[in-house]
Amino acid sequence: MSVNYKKLGEIVKLIDERNKDEKVQTLIGVSIEKCFIKSVANTIGTDLSKYQIIRKNDFACSLMQVSRDGKIPIACLKDYDEAIMSPAYYIFRIKNTDEVLPDYLSMWFMRSEFDREAAYIAVGGVRGSMPWEDFCNMELPIPDIKEQQKIVDAYNSITKRIKIKQKINENLEKTAQCLFDKNFKEYNKFYEKEDLKTLPADWKYAIVGDFCKDNIKSISSSNELKEILYLDTGSITNNKIDDLQTISERDGFPSRAKRMIYDNDIVFSTVRPNLRHFGIIRKPAKNMIVSTGFSVLHNNSDRVSNEFLYMWITNDATLSFLQSIAENSVSTYPSINADDIMNIKIIIPTDNILSELNEVFRKTFLMIDYNNQEITKMQELKQLVISRISGM
């Protein structure tokens, strides 16, 4: 395969098109995760004529503090035909799309090697920023346009599959919530001013602590762990693990990395409950350690499933109540404690209804977990596709 190396400055050109007539109103920015985000800033009274226009398939990046962040916020516009951005961003366009595909260049920017090289170059810049000239001097491989298209097609195929799985999970979560609401919403008024509706015959009130205990078992020197998989409070959101750190003993385990965890334990961050850092941990590795910022709920009951308890602990009414407790706490950050979770009120229906709900919730969450595992593997496969660029 024939591959030529070219400098970025040879294949892109800087764009400075101002929104002089203020016709474009959609204001966006670029996140550190390399995607465009719509601005929530109030633009009433703002002179939008000074903002830059970015068009579909154009790129935007911020070259400030690159060495500090270790990443360049950079992305190719796909979701809008046109938008406006702050003049602080560099906006550029491929000179000849018959030579370089926008999607191919976008994939090159996603490589971790690109960020490492950029951070190294930016060390000498003012406050760790990267001059545009240095950015343009970075080189990349330019294979034949057909080879570029093959790489892009493979990447897009995996991305499409990931989105399908994510949509399936969203539907599964909505189905579980609808089933929960159908059975309990009209009785779930514990934390509101409305009077509780009389429960059906043989239904009972209970609290989470009737079925769970807070697992406070921590690692010690006797565990002789040389390496841990560390789950911090920001590593899990809505039952989805996004970032599990591998830390070796020689690097020093974080002081908060102490809490051990067992199969099907529920982890719930005690800081700012409304951020939804919680989930059910399935078959954790023996060296998986969670932060002491979690309350770890271990279910001792054969009668209620973890998934049934999870639905009660994480429904909107409960989270609003827990957040109100957190905001009235005297902690540095709005926080709750394990007792607050253990005292969450729940309703236990008749055995036949409970058995049915246990089974449906269990199967639903197992399917979500299976899909999340597949998504993780596909994310890894995406990185392998991207790595083809590095090997050229």
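The values are calculated or read from the model by the stated rules, or taken from the named source; none is laboratory data. The structure displayed is predicted, hence computed values, not measured ones. Please note: Cβ atoms are built from the backbone with ideal geometry, for glycine as well, and neighbour counts cover all protein chains shown. Note: areas computed on protein heavy atoms with side chains; ligands, DNA, RNA excluded. Shrake-Rupley method; radii C 1.70, N 1.55, O 1.52, S 1.80 Å.
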Filter region 338-357 down to residues that are of a type outside the set (S, T, N, Q) and either assigned to a helix (DSSP H, G or I) or out of contact with any strand residue (DSSP E or B) (no Cβ under 8 Å at 6 or more places or on another chain) (or both), then give me how many there are.
11
Can you find even one residue in region 91-109 that is more than 17 Å from ALA60 (Cβ to Cβ) and among the small types (Gly, Ala, Ser)?
no
The strands (runs of 3 or more DSSP E) lying wholly within region 1-115 that contain at least 3 residues that are of a type outside the set (S, T, N, Q) and surrounded by fewer than 17 Cβ atoms within 10 Å (Cβ to Cβ) are 3-7, 12-15
Out of VAL330, VAL360, I need the residue that is at pLDDT 95 or above and either open to solvent by 50 Å² or more (accessible area, probe 1.4 Å) or part of a loop (DSSP other than H, G, I, E, B) (or both). Which one?
VAL360
Return the only residue of PRO102, PRO141, PRO87 being in contact (Cβ under 8 Å) with a residue 40 or more places away in the chain and closer than 26 Å to ILE53 by Cα.
PRO102
Is it fair to say ASN183 is in contact with a Pro (Cβ under 9 Å, 6 or more places away or on another chain), touching a residue at least 24 places away in the same chain (Cβ under 8 Å) and among the polar types (S, T, N, Q)?
yes
Residue under question is ASP339, and the condition is that it be open to solvent by 60 Å² or more (accessible area, probe 1.4 Å) and under 22 Å from GLU186 (Cα atoms); does it hold?
no
What number of residues within region 212-228 are at pLDDT 85 or above and either within 21 Å of LYS185 (Cα to Cα) or open to solvent by 100 Å² or more (accessible area, probe 1.4 Å) (or both)?
1
All strands (runs of 3 or more DSSP E) inside region 243-312 with 2 or more residues being in contact (Cβ under 8 Å) with a residue 60 or more places away in the chain:
288-291, 294-299
Search result, residues across region 149-208 that are open to solvent by 40 Å² or more (accessible area, probe 1.4 Å), polar (S, T, N, Q) and not in a helix (DSSP H, G or I):
THR198
If only one of GLN373, GLN383 is farther than 30 Å from ASP144 by Cβ and either polar (S, T, N, Q) or open to solvent by 70 Å² or more (accessible area, probe 1.4 Å) (or both), which one is it?
GLN373
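May I ask you to verify whether LEU140 is buried (at least 17 other Cβ atoms within 10 Å of the Cβ) and in a strand (DSSP E or B)?
Taking the combined requirement at face value, the residue satisfies it.
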